[in-house]
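The values are calculated or read from the model by the stated rules, or taken from the named source; none is laboratory data. Please read these numbers as outputs of a predicted model, since none were measured by experiment. Every residue, glycine as well, gets a Cβ built from its backbone with ideal geometry; the counts of neighbours run over all protein chains shown. Heads up: the accessible areas ignore ligands, DNA and RNA and are worked out on the full protein's heavy atoms, side chains in. Shrake-Rupley method; radii C 1.70, N 1.55, O 1.52, S 1.80 Å.
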Amino acid sequence: MEETTCNFPGYEDFHYELGTLFSTYPPPFIYVRDPETSRTTSIVIDSILRNLSGASSVPTTTKIHYARVDCVSSFTARLIYESIINTLVGWEPTWQDGCGNWSSPQDIRWNDSLDSFIHGLRAAHAHLSQQKASTSTDKTNDGKVRFVIVVERAERLSDSLPELLVPFTRLAELARLDLSVVFLSQVEWEDIKPPLGASPDPYYMDIQSLSKEDIVRNLISNFPALSKISRSNSILQNIYHPSLKSLYAHFITILCDVCYPFTHNLQELQYIAAARWPGFRKPLLDEYKEQQRQMAADVEAARMRLNRLFNSTITTALDALLPRLTNAADWARDNEPPEGVFSLPRGQWQPQQQQQGLTVQQQDENMTNLPRISKFILIASFIASTNPPKSDLRMFGRGVDERKRKRRATKAAGKSKSGGPPKVAQRLVGPTPFVLDRMIAILGALLEDNDVESRLADRQLTIPGEHTDMEIARVGIFSSVMEQTSMRLLHRTTHADRLDGPPMFKCAISYDAATVLAKELKITLNDLLWDPIA
Amino acid sequence: MKFDASTNLSGPLPDYLLPCFNAYKHEILKTLHSPSVASSQTESPSINDIAAKQLTDLVDGTVLRAEGNSCLLLGPRGSGKSQMIDACIEKVAFKRPIVLRLSGWVQTTDRHALREIAFQLLQQTGTALLPDTEMHAEAEIDEENPFLEVADHLSGESNLTLPPSHLHALIPILLTLSRPVIVVLDAFDLFALHPRQSLLYCLLDTVQNCRASSENRGIAVVGITSRVDSVQLLEKRVKSRFSGRTIRTAPPGSLQESLAMAKIIMQPSGVCEGDTHKEEWKQWWNEGVQKFLEDNEVATILNETFGLSRDFKIMIRMLTRCVTQLTPNQPNLSLKAVIASAEIQRSRPRRKHLDNLPYPALCLLIASAHADTGGHKSFTFEMLYETYKDQVRALVSAPVQFNGGSIGMMRCPREVLISTFEDLVAVKIFTCTMASPSIIAKQFIKYRCAVDRHDIKGIVEKAGSTNLKKWLNKSQ
């Protein structure tokens, strides 16, 4: 029984259970489910297997060889076969000999189908058993070899290579070897299980989500590894200088206090920590540089001041880095505290908030450069995508008497007349496709209302609305629509080569973007929407 | 010092018993890894004993008396079918029969199966019997020529395009071999789904021909399946060549039987011979197992397990987990372990793994519950975000103060919610309800929540935030 220490707080039970199984008699098919921290889990599994396969002190007579295969990078059957068998036998394809795969003593081709893959597995097993028997001096060693195949992101397997799912779950009985297949996945086995009971039920293992204390301990335990990366001994050069360890522990604690409610993912937290840490230590180092003395004078007070200064910036970091609106390096550079931040009066240094809503902002920047008519087209198509077609006459219709537009009475959302559920506002459900002619009609109405004053008077076009009619019949409108389609501000929902029927489009800008545009054009967008925002 | 079982049941193990403990654990896990299904000790022979005898007779007939036999081994999953045929083949191993193993899961077409038969024959007899293996060798000679590489890659496939006449050529060869042949067809029902069932036809036809001639060595075709109507799947011409013999296997039929099996597994014999403390340990362990199995609540759980499914493998998995959890500090089987094992290995409640969701995920779940109450089974991200925004706004504008702080909810930016939403989609808590969401912006793709309202309530209760609880209760 293997008694290695587990370096991952929170994983002790899992480590013990899986280690025990691998070193004794692993079930042929194990399913590890981890919804939140699957990367860490795969590292843990790897460390278990590395210990077991590398250690010669293991009192078992069985030598473990293992292979990890990620279903994202191995997206075809052949890639999976090759990466499994090459890893199992420890073969690395090299450029010099043409990146050939491992070739078995019998020289069989083992990567073209599942049959041959199984033959390849057997050949690899025989090869390794022989190798073991010949290298071991101990006669009691009977050359047993055990394979462990870890399939990461197994849910991808059921999407991309469903025909491999059943054979992989039955690999041990198909290959008739001492073999264990471990699936590691974020989803339940129930969700990807092949129908008709084709696969045997796995031995289930679940990863409980880590507690806050475990996460803190995990992150702190990374510090020695981080400080080894830089070889410099100077505290000014090495960001993770060993003497900063206790400060780092303190930093991680307050970081987790802020971030733990939002994410439990170790990698994400580590990423945020990496972005904030250089700034966090900077005020202290500045002081150190100035005074050239140890900072131990008033540790508690310094920590309190750091807490006060940086607590809000950690939230900013979380908001920007968790959705990856920017990267850690850029964020750290932008949010570096100024020199002598300790001496600034309270509240003087505020972290910048400019990262907020970056995507919306980028889209807006794209659109501010558009020609004026294109902006009108975008607004018109947003309206056409949001309002029901039947409402157009009431919203934009102009009778002879120019009577006031009737808008739907905004009443509280209740049950609809037919007894069904109340309708959800179209802007929440998503844009609907519209016919090009309808959009152009709406565009006409918009131009007539908002654009007439800005035009130069034309003596030939005297009838009211005649000028607008001319404007919307220009070829430029159509080319502008096509241009915006290519910019993905509009989506064409019908095929480009379809001849019958009018072309249909869909608006692809968000409500926020449409509001910005409307404000620029001085259109009151809310009045033109069938169900306006209260 | 004597290690007293009755008083010291919960304490850590003394050092001198550690080798015994490890040896027992090892042995039990070994038995659990490949449990013997036929080892019941009841007076009347069980179904599996009868089946094993029938199958042995049949295989013996082929191997020793050169008969042509075919049969179907039928039984539910985990009832010991494959184990039984392996045992039978093992018994006649001295005659060195050629064993061809095919599986319906891997050999999905008759041509694949044919190629596999050819390969296995080549391995076991050492001679190529089919022209296609020679073609294969030829293709590899040309490897120096880089321009032929494409053809070379396809050579595996080109084998599959052999004319079907080869099928008829290969199977009768089986009769001319100098050793008896046993063909084991796993997932027999899938072979019956192949077009025209030509492989089955050829095999069973060969079996029939075997009877007529006297100089052959015998062939047996054993189909293994769990599908009850497999024989009905066969076409008439195939069925008439099939002997119709069906041998049934069954899992333990009564609770007592399965408990007895569990007890046999858990009390191994003949382990750690030569250890001076062996007797002491054995007595202690066996008493512990006895006590464990007789415990009322453990018995209830095992009874429930047996009532839910006759599949003995569930019991095996539960016991495996209990045994792997044993440590020298806690060397005895406990009720707690078996409850946890039952939950993980048997019932797997979905909620269990969602207990510790982060705050944005909880918000989205509650919002989806609101959408559900509103009559919208499927929802877009925008709908959830709107619900969330309304709730935040309502609480922020409320002029109520509690303990000096406002009662507002934690603010969570839209981008963070989007990334959390994507996480929930990745773990399939939210499942997509649309066919091909290719040109729809991702915030408008419709999803359905896979967690039901009752579970959401439990999760939110567990998270313990008053605001969230109140918000969820508003939806009722």
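If you check every pair at least six apart or on different chains, which have Cβ atoms under 6 Å apart with a residue in the range B:213-234 that is in a loop (DSSP other than H, G, I, E, B) first and a residue that is of a type in the set (A, V, I, L, M, F, W, C) second?
Listed pairs, sorted by first residue: B:216/B:175; B:216/B:210; B:217/B:66; B:218/B:66; B:234/B:192.
So which of B:448, B:393, B:453 is open to solvent by 40 Å² or more (accessible area, probe 1.4 Å) and modelled with pLDDT of 90 or more? Please lay out each step first, then the result.
Working: B:393 fails: modelled with pLDDT of 90 or more; B:453 fails: modelled with pLDDT of 90 or more.
After ruling out the rest, the residue left standing is B:448.
All but one of (1) more than 14 Å from every other protein chain (Cβ to nearest Cβ); (2) open to solvent by 10 Å² or more (accessible area, probe 1.4 Å); (3) in contact with a Ser or Thr (Cβ under 8 Å, 6 or more places away or on another chain) hold for residue B:189; state the number of the condition that does not hold.
Against the list (1) more than 14 Å from every other protein chain (Cβ to nearest Cβ); (2) open to solvent by 10 Å² or more (accessible area, probe 1.4 Å); (3) in contact with a Ser or Thr (Cβ under 8 Å, 6 or more places away or on another chain), residue B:189 comes up short only on (1).
Any idea which of A:64, A:48, A:43, A:84 is touching a Gly at 6+ places or on another chain (Cβ under 6 Å), under 26 Å from residue A:167 (Cα atoms) and not aromatic (Phe, Trp, Tyr)?
A:48
Which condition from (1) within 27 Å of residue A:70 (Cβ to Cβ); (2) touching a residue at least 12 places away in the same chain (Cβ under 8 Å); (3) away from chain B (no Cβ under 12 Å) is the one that residue A:194 breaks?
In the conditions (1) within 27 Å of residue A:70 (Cβ to Cβ); (2) touching a residue at least 12 places away in the same chain (Cβ under 8 Å); (3) away from chain B (no Cβ under 12 Å), residue A:194 misses (3) alone.
All but one of (1) modelled with pLDDT of 85 or more; (2) away from chain B (no Cβ under 12 Å); (3) open to solvent by 20 Å² or more (accessible area, probe 1.4 Å); (4) touching a Ser or Thr at 6+ places or on another chain (Cβ under 8 Å) hold for residue A:501; which doesn't?
Answer for residue A:501: the failing condition is (1).
Here's the yes/no breakdown for (1) at pLDDT below 85; (2) surrounded by fewer than 22 Cβ atoms within 10 Å (Cβ to Cβ); (3) farther than 30 Å from residue B:221 by Cβ:
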{"residue": "B:13", "(1), (2), (3)": "yes, yes, yes"}
{"residue": "B:18", "(1), (2), (3)": "yes, yes, yes"}
{"residue": "B:57", "(1), (2), (3)": "no, yes, no"}
{"residue": "B:60", "(1), (2), (3)": "no, yes, no"}
{"residue": "B:76", "(1), (2), (3)": "no, yes, no"}
{"residue": "B:81", "(1), (2), (3)": "no, no, no"}
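Based on this model, can you work out whether residue A:270 counts as within 14 Å of another protein chain (Cβ to nearest Cβ) and closer than 24 Å to residue A:9 by Cβ?
No, not satisfied.
What are the pairs, 6+ residues apart or on separate chains, where a residue within the range A:166-181 that is more than 7 Å from chain B (Cβ to nearest Cβ) has its Cβ under 9 Å from a residue that is part of a helix (DSSP H, G or I) and basic (Lys, Arg)?
So the pair list comes out as A:175/A:122; A:176/A:122; A:177/A:122.
Select from the range A:426-474 the residues that are among the small types (Gly, Ala, Ser) and in contact with a helix residue (DSSP H, G or I) (Cβ under 8 Å, 6 or more places away or on another chain) and write down the one among them that is nearest to residue A:388 (Cα to Cα).
Residue satisfying both the conditions and the ranking: A:430.
What residue, of B:239, B:278, B:263, B:313, is farther than 24 Å from residue B:14 by Cβ, in contact (Cβ under 8 Å) with a residue 60 or more places away in the chain and basic (Lys, Arg)? Can you show your working first?
On the way: B:239 fails: in contact (Cβ under 8 Å) with a residue 60 or more places away in the chain; B:278 fails: farther than 24 Å from residue B:14 by Cβ; B:263 fails: in contact (Cβ under 8 Å) with a residue 60 or more places away in the chain.
None of the other options fit; the residue is B:313.
Give the residue that is nearest to residue B:112 (Cα to Cα), with candidates limited to residues of the range B:193-230 that are in contact with a Lys or Arg (Cβ under 7 Å, 6 or more places away or on another chain) and open to solvent by 20 Å² or more (accessible area, probe 1.4 Å).
Ranking the qualifying residues of the range B:193-230, first place goes to B:201.
Mind listing whichever residues of the range A:318-331 are buried (at least 17 other Cβ atoms within 10 Å of the Cβ) and more than 14 Å from every other protein chain (Cβ to nearest Cβ)?
Result: A:328, single match.
Considering only helices (runs of 4 or more DSSP H) fully contained in the range A:172-274, which possess at least 3 residues that are open to solvent by 30 Å² or more (accessible area, probe 1.4 Å)? Walk me through it before giving the result.
On the way: elements: A:189-192, A:212-221, A:223-229, A:245-259.
Correct list: A:212-221, A:223-229, A:245-259.
Being modelled with pLDDT under 90, open to solvent by 50 Å² or more (accessible area, probe 1.4 Å) and of a type in the set (D, E, K, R) is the filter here, so list the residues in the range B:91-110 that pass it.
Scanning the range B:91-110 gives B:91, B:95, B:96.
The conditions are (1) charged (D, E, K, R); (2) more than 28 Å from residue B:99 (Cα to Cα); (3) within 12 Å of chain B (Cβ to nearest Cβ), and residue A:152 fails exactly one of them. Which is it?
(3)
Please determine whether any residue of the range A:69-86 is more than 14 Å from chain B (Cβ to nearest Cβ), within 36 Å of the chain's Cα centre (by Cα), part of a loop (DSSP other than H, G, I, E, B) and farther than 30 Å from residue B:114 by Cβ.
Checked against the condition, which is being more than 14 Å from chain B (Cβ to nearest Cβ), within 36 Å of the chain's Cα centre (by Cα), part of a loop (DSSP other than H, G, I, E, B) and farther than 30 Å from residue B:114 by Cβ, the range A:69-86 yields at least one hit.
Is there a residue in the range A:135-145 that is within 14 Å of another protein chain (Cβ to nearest Cβ), touching a residue at least 24 places away in the same chain (Cβ under 8 Å) and open to solvent by 50 Å² or more (accessible area, probe 1.4 Å)? Break it down into steps so the answer makes sense when it comes.
The initial filter retains those residues of the range A:135-145 that are within 14 Å of another protein chain (Cβ to nearest Cβ), namely A:144.
Checking which are touching a residue at least 24 places away in the same chain (Cβ under 8 Å) leaves us with A:144.
So of that shortlist, the ones also open to solvent by 50 Å² or more (accessible area, probe 1.4 Å) come out as A:144.
Yes, the range A:135-145 has at least one match.
A quick yes/no check of all residues on (1) farther than 27 Å from residue A:510 by Cα; (2) part of a helix (DSSP H, G or I); (3) modelled with pLDDT of 80 or more:
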| site | (1), (2), (3) |
| --- | --- |
| A:458 | yes, no, no |
| A:463 | yes, no, no |
| A:471 | no, yes, yes |
| A:478 | no, yes, yes |
| A:482 | no, yes, yes |
| A:491 | no, no, yes |
| A:494 | no, no, yes |
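Which count do you get for residues in the range B:291-337 that are under 20 Å from residue B:29 (Cβ atoms), surrounded by fewer than 21 Cβ atoms within 10 Å (Cβ to Cβ), away from chain A (no Cβ under 12 Å) and among the β-branched types (Val, Ile, Thr)?
Residues that pass the stated criteria total 1.
Where in the range B:305-378 are the helices (runs of 4 or more DSSP H), entirely inside, with at least 3 residues that are more than 21 Å from residue B:458 (Cα to Cα) and over 17 Å from the mean Cα position of the chain (by Cα)?
B:312-324, B:335-341
In this structure, does residue A:115 turn out to be facing chain B (nearest Cβ under 10 Å), touching an Asp or Glu at 6+ places or on another chain (Cβ under 7 Å), crowded, with 18+ Cβ neighbours inside 10 Å and not β-branched (Val, Ile, Thr)?
In short, yes.
Name the one entry in A:83, A:53 that is of a type outside the set (Val, Ile, Thr), surrounded by fewer than 20 Cβ atoms within 10 Å (Cβ to Cβ) and farther than 17 Å from residue A:171 by Cα.
Result: A:53 is the single residue among A:83, A:53 that is of a type outside the set (Val, Ile, Thr), surrounded by fewer than 20 Cβ atoms within 10 Å (Cβ to Cβ) and farther than 17 Å from residue A:171 by Cα.
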